[in-house]
Amino acid sequence: AAATEDGGAAPIAGTAVKRGIYEAEPYAPDVLESCPRFAALYRDDTLLDALRRRLLETLRRTEIRLQVNDGVGGQFGFHCDSSPTLDAREVTALFYLNEAWEPADGGELRLLPPDGESVTLEPRAGRLVFFSAHAMLHGTAPARAPRYCFTL
């Protein structure tokens, strides 16, 4: 997605649009050309190596996407990111980039653990959230301001 003057996003080739939410995958040629820093991050194994050493020794690969919510009510309903029969992904990670986020902006992450109470997390800059890709139901509240994150 490409930034617009009003702080929103416009799609470019290699992005997916989901109800006001744009996801860019760095291996799409137009994204690689339009977003060189994002492409460099995709090629850099520093994060993957650190996660292996500190948290997930069996982690074999990671996919990264830049997600932009245009702030006009975009949200995700509750869902799981994967299933053991679909792919090998076991963990989802979200890293938020919203320096000036305020409660009125919305876009909070909502988690519904299989045997626990629901959890709501603000999408504040620097917050890193890990959860099971196939067991954790999660979604987002409607965003009333642009919201940015990397999904891994």
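Please determine whether any residue of the stretch 132-150 is closer than 19 Å to residue 25 by Cα, in a strand (DSSP E or B), touching a Cys at 6+ places or on another chain (Cβ under 6 Å) and in contact (Cβ under 8 Å) with a residue 12 or more places away in the chain.
So far as the stretch 132-150 goes, no, none of its residues is closer than 19 Å to residue 25 by Cα, in a strand (DSSP E or B), touching a Cys at 6+ places or on another chain (Cβ under 6 Å) and in contact (Cβ under 8 Å) with a residue 12 or more places away in the chain.
Does at least one position in the stretch 93-104 carry a residue that is in contact (Cβ under 8 Å) with a residue 12 or more places away in the chain, surrounded by fewer than 19 Cβ atoms within 10 Å (Cβ to Cβ) and either in contact with a Pro (Cβ under 7 Å, 6 or more places away or on another chain) or small (Gly, Ala, Ser) (or both)?
Yes, because at least one residue in the stretch 93-104 is in contact (Cβ under 8 Å) with a residue 12 or more places away in the chain, surrounded by fewer than 19 Cβ atoms within 10 Å (Cβ to Cβ) and either in contact with a Pro (Cβ under 7 Å, 6 or more places away or on another chain) or small (Gly, Ala, Ser) (or both).
For residue 66, indicate whether it is modelled with pLDDT under 90, part of a helix (DSSP H, G or I) and surrounded by 17 or more Cβ atoms within 10 Å (Cβ to Cβ).
No.
So in the stretch 105-131, with the set limited to residues that are surrounded by fewer than 17 Cβ atoms within 10 Å (Cβ to Cβ) and of a type in the set (Gly, Ala, Ser), which one is nearest to residue 51 (Cα to Cα)?
Checking each candidate, the answer is 126.
Determine whether residue 120 is in contact with a strand residue (DSSP E or B) (Cβ under 9 Å, 6 or more places away or on another chain) and not aliphatic (A, V, I, L, M).
The answer is yes for residue 120.
The values are calculated or read from the model by the stated rules, or taken from the named source; none is laboratory data. Nothing here was measured: the structure is a model prediction, and the numbers come from that model. Here the Cβ is made from the backbone with ideal geometry for all residues, glycine too, and neighbour counts use every protein chain on show.
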